1. On the given criteria, is S441 open to solvent by less than 20 Å² (accessible area, probe 1.4 Å), among the polar types (S, T, N, Q), over 24 Å from P565 (Cα atoms) and in contact (Cβ under 8 Å) with a residue 40 or more places away in the chain?
2. Every residue in segment 582-612 that is within 19 Å of the chain's Cα centre (by Cα), open to solvent by less than 50 Å² (accessible area, probe 1.4 Å) and over 19 Å from H730 (Cα atoms), please.
3. In this structure, is T55 surrounded by 15 or more Cβ atoms within 10 Å (Cβ to Cβ) and either modelled with pLDDT of 95 or more or out of contact with any Ser or Thr (no Cβ under 6 Å at 6 or more places or on another chain) (or both)?
4. Taking the stated definitions as given, is A422 at pLDDT 85 or above and out of contact with any Cys (no Cβ under 8 Å at 6 or more places or on another chain)?
5. Looking only at segment 178-195, which residues are under 22 Å from T71 (Cα atoms) and part of a helix (DSSP H, G or I)?
6. Looking at segment 390-412, can you tell me whether even one residue there is modelled with pLDDT of 70 or more and touching a Pro at 6+ places or on another chain (Cβ under 9 Å)?
Amino acid sequence: MPSERFRYRVVTGSGRARLRDLVAASDPGLLRLTAGLRTVGAIALTLAVLAPFRTDVRHLVAGAIAAMVATFAVRDKERSGQAVTLGLGLPVALTAVTLGALLADQVVAGDLFFVALIFCAVYGRRFGDRGTALGLIGFQVYFLSLFVGATVPGLPSLYGAIGVAFLSSAVVRFALVPETPAGTLERLRSAFRARLARLVTAHLELLDAGPEDVERALEHVREGTARLHDTALMIQGRLEAGTADEGVARLVQRRVADAEVAAERLGLLLLTARSAERADTLTLHLPGAPVPSGGLLPVRDKAIDQLRRDLAALRLLVLRPVSAQHGTALSHVRNRLLGYRDEENLPVAPPAVQDVFRGVGETARAVLGLRVALDGPQDESDDSPATARSREELDAEDAAIDAGEEAAQEEPTGLRRPTTRAAVQVAVGSSLAIAGGELLSSQRWYWAVLTCWIVFINTASTGEILVKGYRRLLGTVLGVVAGIGLAALVGHHTWTAFALVLVCVFLMFYSAPLSYTLMSFFVTAALGLLYTLLHTYSFSVLVLRVEETALGAACGVLAAAFVLPVRTDRRTNDLLVAVLDRLADVTETAVDQLSGGPPADLLDQARELDQALADLRAATQPLTHPVTPLRARRDTARYVVALLETCAYQARALAATAELLPTHPSIAADPRLRGAGQRILRNIRALAAHVADEHAADEIGTGPSIAALLETGAAGAPRFGRVTDRVLRHLGRLDEGVVGLARPLRVPVARPPG
């Protein structure tokens with residue numbers, strides 16, 4: 001029998017694999033890296049094709065910008081759809097640059113057309129990815145004509161540069177840096193594994209953290225839990241396009257959800273084991289939440305040493321697939337961890353520590369299911385009885401998964417439609433930006449229009465537009481400083497400047513999902529270099545860029561605030577009601593199934609809850625921004641979102657347990673649970689009613705604990721089994737979370753009878 005040290009050394013893997021896991025965890029699906037490489041590749045190929053023809057710098061700049069636009073605008077999921085959109089984008093781009101040249105000397109007509117183009121480009125979002133892409137191409141290429149000073153005599157050369165740019169974009173997209181939905185989904189799966197392993201590493205850190213380090217260790221667990229959840233949402237969003245078989249897609253979705261719930265529960269059990277009191281799920285979701293009182297677990301304790309080794313083994317199990325080259329070492333580790341699902345295999349330890357070992361076993365089972373779903377059938381010759389039983393359970397669950405149909409949702413019409421409202425707002429804001437921009441500069445007024453346009457992209461409320469405008473202005477100011485330094489550095493060295501532009505473009509796309517301020521910084525730095533290439537660079541030009549940016553952001557905020565406004569409070573309230581409705585749906589369906597009701601589609605309901613919560617979290621950013629002067633409101637928003645995240649976790653855990661019922665003979669439905677869940681459902685609906693109408697008369701009900709509601713009162717009657725006990729813990733904490741929402745949402749709480 002090989003030693004434990006030998007086994008771990010065998011399955012550790014190469015440094016290259018560790019680097020790959022690190023990259024996958026930091027950039028899920030390599031989406032940022034791919035976007036940056038594809039855009040830079042398209043620009044570089046365009047310049048390489050145009051340069052031998054002695055193309056002047058102005059047309060080189062036009063080709064570079066067109067290549068960038070043609071690359072980032074196309075967002076269709078299927079390659080065939082991308083080809084169609086790119087093909088349609090070329091005539092749209094040629095039409096836009098032609099009109100830009102024809103209207104260059106017609107100030108009033110040009111301005112009116114620009115406003116109409118902006119309205120159509122934003123309104124086109126209602127037609128999906130293709131409508132969004134074509135609108136974006138039309139607007140950006142018209143802007144390009146203003147930037148390079150397009151004229152009618154120069155149109156043939158511009159047509160050639162734009163044609164080469166679109167062709168280069170196609171070559172890079174489909175040949176040099178190809179991306180398929182299946183490939184993206186596969187990389188996201190790898191990222192999920194890597195982030196799950198990093199979360200287990202954070203669990204190990206929490207296990208060993210001393211009193212002075214526990215805050216930092218807990219923050220790492222919070223961060224790992226949040227990132228794992230984000231990756232799960234990204235996988236869910238790409239399953240339909242990336243998987244040909246709907247049954248396989250639902251299986252992967254199920255296994256990802258199981259692994260997420262198991263890992264989050266393991267962190268909570270660890271926190272409870274090292275505390276003198278029961279850990280609240282809120283502690284894992286609210287930054288700065290107080291750590292439960294308690295101290296360091298015994299360092300020399302045999303059970304703790306074993307737990308430490310098992311967490312390290314779990315991390316390896318997550319990362320390393322079972323293959324022939326690993327021999328039986330990894331199988332031995334897997335069998336041992338799955339053995340903790342049986343009570344007789346638990347080590348002698350306090351109950352809270354034994355719960356952690358159970359959590360390790362359940363997480364190992366989730367990892368096994370994830371591995372089977374992602375990697376397919378595996379060698380079962382080394383399975384222990386516990387592993388064989390886990391496989392049987394997973395196979396039964398897989399057979400029970402049935403595809404469901406999503407209900408169609410009613411779409412708003414007229415000015416209530418978000419795309420129509422945004423189109424009207426941005427048209428008004430752009431009109432103001434044109435008028436104000438021309439007062440600042442009759443030549444570069446379009447920078448104000450560009451900023452006004454950009455702050456409306458992917459925003460839905462006045463607060464979101466204000467935050468985005470502030471971040472763009474900050475990034476622009478910092479970028480101006482960088483642009484001054486870069487312009488002095490390159491002087492009149494054309495290809496050095498283009499090389500630095502490529503670097504800035506790559507960093508712009510790589511940083512865009514992380515920080516809008518950073519993206520704006522790199523955009524402005526690149527523009528400083530482009531002005532240098534066009535021999536129009538000066539300090540006054542970059543200062544004017546800041547002024548036009550500030551003006552455009554202000555016009556966008558004014559339009560959002562006074563033209564068909566959507567207040568941040570109203571949007572967050574609407575999204576909060578949606579989250580509560582989804583929470584009630586998942587809870588009701590899960591409790592009904594756990595009580596003996598018919599199987600239902602809990603997977604889609606849980607996904608809808610997660611998506612609604614993600615939308616709410618994004619919408620509250622204006623309220624939780626560090627510079628907001630309303631500190632009490634910021635703290636309240638953070639607390640409400642954190643409470644909702646804990647409630648969503650408990651609901652997901654209930655759903656995961658309910659999904660086991662049809663296939664696990666050891667888990668029986670308990671009809672008493674239906675009555676125990678009614679108070680929670682009434683309270684959730686009372687919260688939703690008050691958020692929708694502050695004058696609603698509903699009250700939050702309180703009373704005995706959820707567990708007490710199931711007491712039969714009969715002498716000698718069995719209380720409830722371990723599975724029902726786990727369900728009751730989730731229901732109890734969900735009940736506490738829902739009641740806890742009453743205070744920040746100002747919902748009255750009814751006094752218990754008696």
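1. So S441 fits the description; yes.
2. Once the filter is applied, which keeps residues that are within 19 Å of the chain's Cα centre (by Cα), open to solvent by less than 50 Å² (accessible area, probe 1.4 Å) and over 19 Å from H730 (Cα atoms), segment 582-612 yields D604, A612.
3. Working: surrounded by 15 or more Cβ atoms within 10 Å (Cβ to Cβ): yes; either modelled with pLDDT of 95 or more or out of contact with any Ser or Thr (no Cβ under 6 Å at 6 or more places or on another chain) (or both): yes.
Taking the combined requirement at face value, the residue satisfies it.
4. Yes: the conditions hold for A422.
5. Passing the criteria: P181, A182, G183, T184, L185, R187, L188.
6. Looking for residues that are modelled with pLDDT of 70 or more and touching a Pro at 6+ places or on another chain (Cβ under 9 Å), one finds none in segment 390-412, hence no.
For every residue, the table says whether it meets (1) at negative phi; (2) surrounded by fewer than 17 Cβ atoms within 10 Å (Cβ to Cβ); (3) in contact with a Lys or Arg (Cβ under 8 Å, 6 or more places away or on another chain).
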position: A133; (1), (2), (3): yes, no, yes
position: A165; (1), (2), (3): yes, no, no
position: A182; (1), (2), (3): yes, yes, no
position: E186; (1), (2), (3): yes, yes, no
position: G210; (1), (2), (3): yes, yes, no
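Yes/no per residue for (1) without any contact (Cβ under 8 Å) to a residue 60 or more places away in the chain; (2) among the aliphatic types (A, V, I, L, M):
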{"position": "F139", "(1), (2)": "no, no"}
{"position": "P156", "(1), (2)": "yes, no"}
{"position": "V164", "(1), (2)": "no, yes"}
{"position": "A175", "(1), (2)": "yes, yes"}
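The values are calculated or read from the model by the stated rules, or taken from the named source; none is laboratory data. The model shown is predicted, which means the values in this text are computed figures rather than measured ones. Cβ coordinates were reconstructed from backbone atoms using ideal geometry, including for glycine residues, and neighbour counts include every protein chain displayed. Side chains are part of the model used for accessible areas, which takes the heavy atoms of the whole protein and leaves out ligands, DNA and RNA. Shrake-Rupley method; radii C 1.70, N 1.55, O 1.52, S 1.80 Å.
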